[in-house]
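In what follows, a structure is listed as structure tokens, so that the remarks can point back to it.
The values are calculated or read from the model by the stated rules, or taken from the named source; none is laboratory data. Keep in mind the model is a prediction, meaning the values are calculated, not measured. Backbone-built Cβ (ideal geometry, glycine too); neighbour counts: all protein chains shown. SASA here: full protein model, heavy atoms, side chains in, ligands and nucleic acids out. Shrake-Rupley method; radii C 1.70, N 1.55, O 1.52, S 1.80 Å.
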Amino acid sequence: MAEQKLSPMMKQYLEIKEQHKDQILFFRLGDFYEMFFEDAIIASKELELQLTGKNCGMDERAKMCGVPFHSAENYIARLIDKGYKVAICEQVEDPAKAKGIVKRDVVRVITPGTILEGIMLDESKNNYICSVRMDVNSAGIVFADVSTGEIKVTHISDGDITVKVINEISRFAPREALLCANSIINKNVTEFLKNKLSAAITQLPNEIFNLRFSKELVNEQFGQDYISEIKLDNTPIIIEALGGLVDYLRETQITGLNRLNRVEIYKTEQYMNLDISARNNLELTQSMHKGEKHATLLWVLDQTKTSMGQRLLRSYIEQPLMSVAGIIRRQSAVSELFDNSIMRSEIREKLNNVYDLKRVLTRVVYGNISPRELNSLAYT
């Protein structure tokens, strides 16, 4: 491709695309997001769009297709569901003030595990991305829901590490996983994520999981000496997994990461150990045959009034407590509401006006909240 023949706009496009080779680039031109070359061919097929061409200084017209800006979320959702990553490239200066071509840059990369948009999310369940760091003797696993700001970490040691990691991953069912590209230990975990969970897998270079680098990232993200404060000094493998996650989110989300400001440490022994076969056979949240909520334990119990309540109930079912004291506290809370029907009715009525605060507040921080969602905060 002779660069001297290219139009300024196409030169700009190719420079940005070079930094996002494994993503479909949504390139903002006026009221449309346009895709070119191979991206256009893929998008036209997957989204059933008309493939056209654009004169851009080359001998042949560049393959091209596009979607309207105001309805882009629907198209992005379909690409994400098919396993693609989408880089959103916006105009980053006022066209009226621009000298020459308008500056553009990628403001966010949307992946299966980093979705924020309500239209792409199931309000009844968390949308987890996990980061896994393994060696022959132990593993550190991080589960994060970027849409709510939740981060959970755990350490696995002793026994068959691979089996334990797979069982823990099945508990959270992440949509995307970050693994070390150079580690052969990840083979069975990778196969499980692909074949059983249909999760997107991103292989990160080994140096991303470097302990020194990870410590710097974690302390920058959560505050100086945060690792010592939450007593992770003696579990470096968790720090490495957490550092891998933070680095990936910085690359994809670019802004808004101050929403992720707290890490919850848990022990796998806190919850009943159920492998994926047991979960399927018990039909806790999905039926065996159709994979639906209908006729499951969750379907029987779910009388919640809010999205946050739905997700909490699901987590209780998917993670049964092993602590007798914890079980009794939970039973006492349920009994108090069950025995006081008037109070229960009043609370349920109040909850009718409560929106999904966790996800709405996340979109406020990221700056992509809709006017309707912003208005909903006035009634909460």
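On inspection, M35 does not qualify as outside any strand (DSSP E or B) and either surrounded by fewer than 17 Cβ atoms within 10 Å (Cβ to Cβ) or modelled with pLDDT of 95 or more (or both). Among helices (runs of 4 or more DSSP H) entirely within region 292-380, having at least 2 residues that are hydroxyl-bearing (S, T, Y) and out of contact with any strand residue (DSSP E or B) (no Cβ under 7 Å at 6 or more places or on another chain) singles out 307-318, 324-339, 341-351, 357-366. For region 275-285, the count of residues that are part of a loop (DSSP other than H, G, I, E, B) and in contact with an Asp or Glu (Cβ under 7 Å, 6 or more places away or on another chain) is nonzero.
Of the residues making up region 145-153, at least one is in contact (Cβ under 8 Å) with a residue 12 or more places away in the chain and on the phi > 0 side of the Ramachandran plot.
Inside region 207-218, residues that are closer than 15 Å to G140 by Cα, open to solvent by 20 Å² or more (accessible area, probe 1.4 Å) and either in contact with a strand residue (DSSP E or B) (Cβ under 7 Å, 6 or more places away or on another chain) or not β-branched (V, I, T) (or both) make up a count of 3. Only one of the numbered conditions (1) farther than 24 Å from K358 by Cα; (2) outside any helix (DSSP H, G or I); (3) not small (G, A, S) is violated by F213, and that is (2). Of all residues in region 38-61, those that are over 25 Å from Q203 (Cβ atoms) and open to solvent by less than 100 Å² (accessible area, probe 1.4 Å) total 11.
Taking region 161-202 as the range and being touching a helix residue (DSSP H, G or I) at 6+ places or on another chain (Cβ under 8 Å), open to solvent by 50 Å² or more (accessible area, probe 1.4 Å) and assigned to a helix (DSSP H, G or I) as the test, the residues that pass are K164, I185, N188. Residues that are open to solvent by less than 30 Å² (accessible area, probe 1.4 Å), among the aromatic types (F, W, Y) and in contact with a strand residue (DSSP E or B) (Cβ under 7 Å, 6 or more places away or on another chain): does region 7-25 have at least one? Yes, because at least one residue in region 7-25 is open to solvent by less than 30 Å² (accessible area, probe 1.4 Å), among the aromatic types (F, W, Y) and in contact with a strand residue (DSSP E or B) (Cβ under 7 Å, 6 or more places away or on another chain). Within the set R259, R250, the sole residue that is of a type in the set (K, R), under 21 Å from the mean Cα position of the chain (by Cα), closer than 30 Å to N137 by Cα and surrounded by 12 or more Cβ atoms within 10 Å (Cβ to Cβ) turns out to be R250. Just one residue in the set V107, V136, V142 is touching a residue at least 40 places away in the same chain (Cβ under 8 Å), open to solvent by 40 Å² or more (accessible area, probe 1.4 Å) and in a strand (DSSP E or B); that residue is V107.
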